[in-house]
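Here the structure comes first, spelled out in structure tokens, and everything after it is commentary.
What follows draws every value from the coordinates through simple rules; no lab data is involved. Model, not experiment: these values are computed from the prediction. Every residue, glycine among them, receives a Cβ derived from its backbone with ideal geometry; neighbour counts consider all protein chains shown.
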Amino acid sequence: LAGLDPDRVAGALYAHRHLGVDIVVLDDAYQHRRIHRDYTICLVSGDPAGEALLPLGRLREPAAALKRADCIIATKQYTGASRCALLEVESLVERFGGPVNRSIAGNVLAFCGIARPEPFFATLRTQGARVETISFRDHHAYTPRDIAYIRRRAAQKDLIITTEKDLVRLNPKTLDDRWHALRVRMDIPDLDIIIEEIEARGRSRRISR
């Protein structure tokens, strides 16, 4: 609920006062400096030293801002983190979101609208798929024209596979049984240590009124 409020402080206060919430977990809140945080985890998918700030690049802050993080976890191609998460394929999910036990091997049209699509496509290839790809802009809002284009490109394909992030932007009632999303699981090394650090920080917190 705190994450749904554009004012993260107001959202957290509402959750505490009216819903009895004692712990607030915020996603995409690294730049929300007004709200107190006991522990900050930053996920990094590439080397920020080689990126420019907005509007020329994708960074909201200089790379030096990573010094504020209590824990940096690399999710893709970044070697400057203390921990590197591994993405493991869990299953395919069908167009309505339910898991299915189906092989990915075969002729696949893969599409997505994410910032770094190549690891997604590469993961499908490691599963034995012969992949043709379509990349849209990050956070792409799919139109009927986009769906028609994907269908044309997939006319001779066994499967159409996207990410779960993209699947939720599609109307499953307009798709056929070939449309799936790839479900992956993130394995984080030393997760138990991170949890212990968070709990210890929480026990010793001193928040100014």
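Please state the equivalent ellipsoid semi-axes for the range 84-209: what are the square roots of 5 times the Cα gyration tensor eigenvalues, largest first, in whole Å? Kindly include the intermediate steps, with their values, before the conclusion.
Values: eigenvalues 242, 63, 34 Å².
They are 35, 18, 13 Å, listed largest first.
What is the range 3-145 by shape, rounded, prolate or oblate, if you read a ≥ b ≥ c off the alpha carbon gyration tensor as root eigenvalues and call it rounded for a/c under 1.5, prolate for a/b larger than b/c, and oblate otherwise?
Working: a/c = 1.95, a/b = 1.50, b/c = 1.30.
Prolate shape, in that a/c is at least 1.5 and a/b is the bigger ratio.
Counting only helical runs of four or more DSSP H residues, what would the 222 nm mean residue ellipticity of the chain come to if each run contributes -39,500 (n - 2.57) and the total is spread over all its residues?
On the way: 5 runs with 48 residues, N = 209.
It lands at -6500 deg cm²/dmol.
Starting from the Cα of GLU61, step 7 Å toward the Cβ, then list every residue of the range 14-33 with an amide N under 14 Å from that point.
Residues passing the 14 Å test: 28-33.
With the radius of gyration and the Kirkwood radius both derived from the Cα set of the range 23-66, what is their ratio Rg to Rh? Write out the running numbers ahead of the final one.
Numbers: Rg = 11.9 Å, Rh = 11.9 Å.
Taking Rg over the Kirkwood Rh, I get 1.00.
Cα to Cα, under 25 Å, and not fewer than 8 places away if on the same chain: which lysines meet these conditions relative to LYS67?
LYS76
Within 10 Å, count the other beta carbons around each residue, average over each peptide in 108-114, 199-205, and list them highest first. Please report the intermediate quantities before stating the final value.
Details: 108-114: 22.7, 199-205: 10.9.
Averaged packing, sorted descending, gives the order 108-114, 199-205.
Tell me which GluC sites (Glu not before Pro) from the range 24-99 have a DSSP coil assignment and no more than 14 other beta carbons within 10 Å of their own.
On the way: sites: GLU51, GLU88, GLU90, GLU94; in loops: GLU51.
Answer by residue number: GLU51.
From the square roots a ≥ b ≥ c of the eigenvalues of the alpha-carbon gyration tensor of the range 112-181, which class results: rounded (a/c under 1.5), prolate (a/b over b/c), or oblate? The partial results should precede the final answer.
On the way: a/c = 1.64, a/b = 1.15, b/c = 1.43.
Taking the square roots of the gyration eigenvalues as a ≥ b ≥ c, the range 112-181 is oblate.
Specify which residue in the list CYS84, HIS36, ILE161 is farthest towards the positive end of the charge dipole of the range 27-185, using unit charges on the beta carbon of Lys, Arg (+1) and Asp, Glu (-1), about the Cα centre.
ILE161
Given R₀ = 35 Å, FRET efficiency for ASP138-ARG178 by Cβ-Cβ distance, to 0.05? Could you put the intermediate results ahead of the total?
Details: r = 25 Å, r/R0 = 0.70.
So, using R0 = 35 Å, E works out to roughly 0.90.
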